[in-house]
Amino acid sequence: MLSLIVVAMVTVAAGFVVWANDKRHTKYGISVPAAAAASVGMLSWIIFMAAGFGYQPGLTWIPWILPMILGTAASVAAVLYLGKTRSRQDTDRLTTILKL
């Protein structure tokens, strides 16, 4: 259970760091990358523990390290997708407003 708490704290922190480093972070909320990272990280921890990786000699690193990596990757993916999509949608809306 301690590893789940560590995974949750690290992935949320990584989500905030990813949000802060994105140049388009005003287009979406601060909690979006953190929530994406935490949900993917904790869900993958649950899957890895249910698969028994936490109790196999030599494989105990998988529930500790891999969920943090997957959570951070999910946060980066969410930021890349949302930043581009929201910027394009905002530009399209502004263009249609200015055409009136």
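Summary table below
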quantity: Full-stretch length increase - Ile30, Lys84 - with 0.36 nm per residue and alpha-carbon distance subtracted; calculated: 17.8 nm
quantity: Cα centroid separation - region 1-16 against region 42-100, whole Å; calculated: 14
quantity: Debye, to nearest 20: dipole size of the chain, +1 on Lys, Arg Cβ, -1 on Asp, Glu Cβ; calculated: 480
quantity: Sites Ile5 and Ile47 - FRET efficiency at Förster radius 25 Å, r taken between beta-carbons, to 0.05; calculated: 0.90
quantity: Listed residues Leu94, Leu66, Tyr28: farthest to the positive end of the dipole of region 9-98 (Cβ charges); calculated: Leu94
quantity: 26 Å Cα-Cα reach of Lys99 towards lysines, excluding residues that sit fewer than 8 places from it in its own chain; calculated: Lys27, Lys84
quantity: Phi-based couplings in Hz for region 49-58 (Karplus 6.51, -1.76, 1.60; Gly and Pro marked x); calculated: 5, 5, 6, x, 6, x, 10, 9, x, x
quantity: Residue-normalised accessible area of the chain, given per residue in Å² at a 1.4 Å probe; calculated: 63
quantity: Estimated distance in nm for a label pair at Ile69 and Ile97, the labels positioned 7 Å out from Cα along Cα-to-Cβ; calculated: 4.4
quantity: Percentage of interatomic Cα-Cα distances in the chain larger than 23 Å; calculated: 38
quantity: In Hz, Karplus ³J(HN,Hα) per residue of region 17-26 (6.51, -1.76, 1.60; θ = phi - 60°; x = Gly, Pro); calculated: 5, 5, 4, 5, 8, 7, 6, 10, 6, 7
quantity: Dipole of the chain, positive end: most advanced residue of Val40, Ala78, Val12 [Cβ charges, Cα centre]; calculated: Ala78
quantity: The chain - percent of accessible surface contributed by carbon and sulfur, probe 1.4 Å; calculated: 73
quantity: Mean ellipticity per residue at 222 nm, deg cm²/dmol - from DSSP H runs of n ≥ 4 across the chain, formula -39500 (n - 2.57); calculated: -28000 deg cm²/dmol
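The values are calculated or read from the model by the stated rules, or taken from the named source; none is laboratory data. Given the structure is predicted, the values throughout are model-derived calculations rather than measurements. Cβ coordinates were reconstructed from backbone atoms using ideal geometry, including for glycine residues, and neighbour counts include every protein chain displayed. Accessible surface is based on the protein model in full, side chains and every heavy atom, while ligands, DNA and RNA are left aside. Shrake-Rupley method; radii C 1.70, N 1.55, O 1.52, S 1.80 Å.
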